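Here's the structure, in structure tokens; my notes come after.
The values are calculated or read from the model by the stated rules, or taken from the named source; none is laboratory data. Only a predicted model underlies this, so the values are computations on that prediction, with no experimental measurement involved. Note that we place each Cβ from the backbone using ideal geometry, even for glycine, and neighbour counts take in every protein chain shown.
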Amino acid sequence: MPENDAFEERLRQARERHGVDPKPASQGQLPQGGTWGVGFRAGVEVVSALIAGVLLGWLLDRLLGTWPWLFFLFFVFGGVAGVLNVYRLFKPRRLLK
């Protein structure tokens with residue numbers, strides 16, 4: 001459909017003109033937000049995953065009477081989830097073509 005192609009081209013040009021589309025980050029660059037923002041986000045990712053794991057483990061231990069096994073297990077799961085979130089934050093992104 002030639003009319004759709006023309007529309008897509010005009011839309012792309014308008015987006016470029018107005019700066020709507022963010023520029024893709026080159027490999028090795030930090031995500032947007034500056035170094036303090038990225039560092040704060042990484043810390044929040046780890047701490048929130050740990051807190052969620054600890055609370056879930058504590059709650060399940062109280063309900064099932066298995067203290068402290070589920071607490072320890074979910075503490076480890078929360079730590080692993082936090083580290084994986086930080087890894088995903090800093091993992092280089094492949095550019096889609």
query = Name the pairs whose Cβ atoms lie under 6 Å apart, with the first residue in the stretch 67-95 and without any contact (Cβ under 8 Å) to a residue 60 or more places away in the chain and under 16 Å from Gly53 (Cβ atoms), the second surrounded by 15 or more Cβ atoms within 10 Å (Cβ to Cβ) and of a type in the set (Phe, Trp, Tyr), and 6 or more positions between them or separate chains?
reply = Phe71/Trp58
query = When you go through (1) of a type outside the set (Lys, Arg); (2) at pLDDT 85 or above; (3) touching a helix residue (DSSP H, G or I) at 6+ places or on another chain (Cβ under 7 Å) one by one for Leu30, which number turns out not to apply?
reply = (2)
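Sort out which residues of the stretch 39-63 are of a type in the set (A, V, I, L, M) and out of contact with any Phe, Trp or Tyr (no Cβ under 6 Å at 6 or more places or on another chain), and write them in order of number. Give the derivation first.
If we filter the stretch 39-63 for residues that are of a type in the set (A, V, I, L, M), which is where we start, we get 42, 44, 46-47, 49-52, 54-56, 59-60, 63.
Scanning the stretch 39-63 gives Ala42, Val44, Val46, Val47, Ala49, Leu50, Ile51, Ala52, Leu55, Leu59, Leu60, Leu63.
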request  = Could you please give the count of residues in the stretch 59-81 that are in a helix (DSSP H, G or I) and β-branched (Val, Ile, Thr)?
outcome  = 2
